[in-house]
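> First the structure, then my questions, so here it is.
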Amino acid sequence: MAVLPIRTFGDPVLKERCVEVERIDSDVEKLVRDLKDSLPRPGGAGLSANQIGVIKRVFVFDNEGEIEACINPRIISMSEEKEEDNEGCLSLPGPILSVPRHISLELEYLDLDGNLRRVRAEGWLARVFQHEMDHLDGKLILDRTDRESRVEALRMLEEGWPPGGNPSGGGEL
């Protein structure tokens, strides 16, 4: 079991676009184990490889209590309709920001056995997938919110508020 530190705002690795996994081997299996071990329970809905310092297109997510891995994920389709909702981020401890997201999508990815999977997601799960895909593309929720919210969040981060993270106790992506 390896619980690795989650990289936080200011770490340049969070702004890098992750590279495709060329083959699923013992290194990728270890990466998935590390991601699963490092995902805070309770509280974390997903965790991307670059959040633990690895620039690979891999993330894990909580699927009703089971932690599942997505390798080389890509969004196949998204609804035109979007919805704004609050999101936190493990790499931005503290701020909760209103972020617009597509309300449904179809995601294609490889599982650890190399099988191609396709899943249709709506609501919260669709939001989690979009959040983690943003991480793999080097984007944060700061890049998705309005200017006023971004300025306030940056102020909070500079001041180190709140100590210990999210004051609301809500789930973070």
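> What are the pairs with Cβ atoms under 7 angstrom where one residue, in the stretch 47-73, is within 12 Å of Leu14 (Cβ to Cβ) and the other, located anywhere, is acidic (Asp, Glu)? Sequence gap at least six, or different chains.
Matching pairs, first to second residue: Ser48/Glu132; Asn50/Glu16; Ile52/Asp34; Ile55/Glu16.
> Residues being under 17 Å from the mean Cα position of the chain (by Cα) and in contact (Cβ under 8 Å) with a residue 40 or more places away in the chain: count how many of those fall in the stretch 12-35.
So in the stretch 12-35, the residues under 17 Å from the mean Cα position of the chain (by Cα) come out as 12-20, 31-35.
With in contact (Cβ under 8 Å) with a residue 40 or more places away in the chain added as a condition, the list becomes 13-18, 20, 32.
Count: 8.
> Also, quick follow-up: Determine whether Ala69 is farther than 25 Å from Arg150 by Cα, more than 13 Å from the chain's Cα centre (by Cα) and among the hydrophobic types (A, V, I, L, M, F, W, C). Spell out the reasoning first.
Working: farther than 25 Å from Arg150 by Cα: yes; more than 13 Å from the chain's Cα centre (by Cα): no; among the hydrophobic types (A, V, I, L, M, F, W, C): yes.
It is false that Ala69 is farther than 25 Å from Arg150 by Cα, more than 13 Å from the chain's Cα centre (by Cα) and among the hydrophobic types (A, V, I, L, M, F, W, C).
> Test Glu20 against the stated conditions and say whether it is surrounded by fewer than 18 Cβ atoms within 10 Å (Cβ to Cβ) and either in contact with a Lys or Arg (Cβ under 8 Å, 6 or more places away or on another chain) or closer than 22 Å to Met156 by Cβ (or both). Spell out the reasoning first.
Numbers: surrounded by fewer than 18 Cβ atoms within 10 Å (Cβ to Cβ): yes; either in contact with a Lys or Arg (Cβ under 8 Å, 6 or more places away or on another chain) or closer than 22 Å to Met156 by Cβ (or both): yes.
Against the criterion (surrounded by fewer than 18 Cβ atoms within 10 Å (Cβ to Cβ) and either in contact with a Lys or Arg (Cβ under 8 Å, 6 or more places away or on another chain) or closer than 22 Å to Met156 by Cβ (or both)), Glu20 qualifies.
> Are any residues in the stretch 105-128 closer than 21 Å to Gln51 by Cα, outside any strand (DSSP E or B) and over 16 Å from the mean Cα position of the chain (by Cα), and if so, which ones?
Asp111, Leu112
> Could you say which residue among Gly53, Gly46 is loosely packed, with under 15 Cβ neighbours inside 10 Å and not charged (D, E, K, R)?
Among Gly53, Gly46, only Gly53 is loosely packed, with under 15 Cβ neighbours inside 10 Å and not charged (D, E, K, R).
> Say we look at the stretch 1-31 and pick out the residues that are closer than 16 Å to His135 by Cα and β-branched (Val, Ile, Thr); which of these is modelled with the lowest pLDDT?
Across the stretch 1-31, the extreme among qualifying residues is Thr8.
> I've got another one for you. Scan the stretch 50-76 residue by residue and report those that are touching a strand residue (DSSP E or B) at 6+ places or on another chain (Cβ under 7 Å), at pLDDT 95 or above and among the β-branched types (Val, Ile, Thr).
Ile55, Val58, Val60, Ile71, Ile75, Ile76
The values are calculated or read from the model by the stated rules, or taken from the named source; none is laboratory data. Nothing here was measured: the structure is a model prediction, and the numbers come from that model. Virtual Cβ from ideal backbone geometry, glycine too; neighbours counted across all protein chains shown.
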